[in-house]
Every structure is written in C-alpha cells, then in structure tokens.
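Peer 1: For reference, the structure I am asking about is given below.
The values are calculated or read from the model by the stated rules, or taken from the named source; none is laboratory data. Bear in mind that the values here come from a model prediction, so they are computed numbers and not experimental data. Here the Cβ positions follow ideal geometry from the backbone for every residue, glycine too, while neighbour counts run over all protein chains shown.
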Amino acid sequence: MKYKSIITSIGILVPDFLNEKMMIIFNNNAPKELEEMSVLHTIVEFDQKIEVGDIFVIGEKKYKVTAVGDDANKTFKELGHCTLKFTGRHEVELPGQIELLGDEIPKIKIGDILGIL
C-alpha cells in the first residue's frame with residue numbers, strides 16, 4: 001500500500017457533499033473552519049505520487065483514480081488534503097481534485113481506512 005491512514009472525524013456537512021459525489025479530506029490538524037465540511041484522517045508521511053490507475057481505498061470500497069489535478073499531490077503531501085470526486089471523469093475541474101471511478105459513493109465511518117494502492 002502506497003498510503004494508509006485512518007479516518008478520525010467526519011464533519012456534519014460531509015453527507016451533503018457525498019450526495020454531490022464529492023468528499024473533501026484533510027489531515028486531522030485541519031483548520032477548525034474546515035472541519036465541518038471535511039473527512040479528517042491521521043497524519044501519515046507520503047513521499048510518492050498519486051497517479052492515474054492508482055486505487056483509493058475508502059473503508060470497504062475501492063476506487064480507480066481516473067484524473068489527478070496539478071496541485072493535488074502537493075496539497076496531499078503537505079496537508080493530507082484533496083477533493084475526491086466520484087464521477088470517474090478523465091479531467092478534473094479544480095487543480096486540487098482527484099477523480100475516482102467506482103460502483104457507489106462510500107459509506108464512511110470513523111476508524112475506516114483511507115488508503116492508496
């Protein structure tokens with residue numbers, strides 16, 4: 001596994017974002033004003049790159065990476081942050097975004113794995 005972290009907090013607005021096929025993630029030291037809209041996870045050093053074809057593991061589900069924004073690797077390494085979109089597109093709308101392809105939106109809970117294969 002390239003990366004393995006644990007979900008530590010799920011903001012109150014996260015279900016609304018998931019309904020829009022989107023999930024914002026941050027290390028668990030994110031600014032307070034971002035916590036309500038984010039899924040926070042343990043801080044784990046990451047010295048690789050997220051690339052098209054990688055597999056994101058979120059809880060029990062796996063998603064294939066179909067596009068990676070120009071800033072997504074930088075913000076993920078520095079802050080554990082990116083915006084995951086579950087639309088499987090081959091282009092991102094924003095530089096900090098990662099597009100994922102899978103059969104359904106994840107049902108997440110505290111303690112779930114957030115990983116990259």
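Peer 1: Can you tell which of Ile7, Ile55, Ile25 is over 15 Å from Asp112 (Cα atoms), among the hydrophobic types (A, V, I, L, M, F, W, C) and modelled with pLDDT of 95 or more?
Peer 2: Ile55
Peer 1: Let me confirm something: among Glu99, Glu20, Glu33, Glu91, which residue is more than 16 Å from Ser9 (Cβ to Cβ) and without any contact (Cβ under 8 Å) to a residue 24 or more places away in the chain?
Peer 2: Only one candidate passes the filter, namely Glu20.
Peer 1: Then there's this: Ile55: touching a residue at least 12 places away in the same chain (Cβ under 8 Å), farther than 18 Å from Ile7 by Cα and of a type in the set (A, V, I, L, M), yes or no?
Peer 2: No, not satisfied.
Peer 1: A further question follows. Going through Asp47, Asp70, Asp54 one at a time, which residue ends up being of a type outside the set (Lys, Arg) and touching a helix residue (DSSP H, G or I) at 6+ places or on another chain (Cβ under 8 Å)?
Peer 2: Among Asp47, Asp70, Asp54, only Asp47 is of a type outside the set (Lys, Arg) and touching a helix residue (DSSP H, G or I) at 6+ places or on another chain (Cβ under 8 Å).
Peer 1: Considering only region 65-116, state which residues are of a type in the set (S, T, N, Q) and over 15 Å from Phe17 (Cβ atoms).
Peer 2: Passing the criteria: Thr66, Asn73, Thr75.
Peer 1: For region 28-43: of the residues being of a type in the set (A, V, I, L, M, F, W, C) and in contact with a Leu (Cβ under 8 Å, 6 or more places away or on another chain), which is modelled with the lowest pLDDT?
Peer 2: This residue is Ala30.
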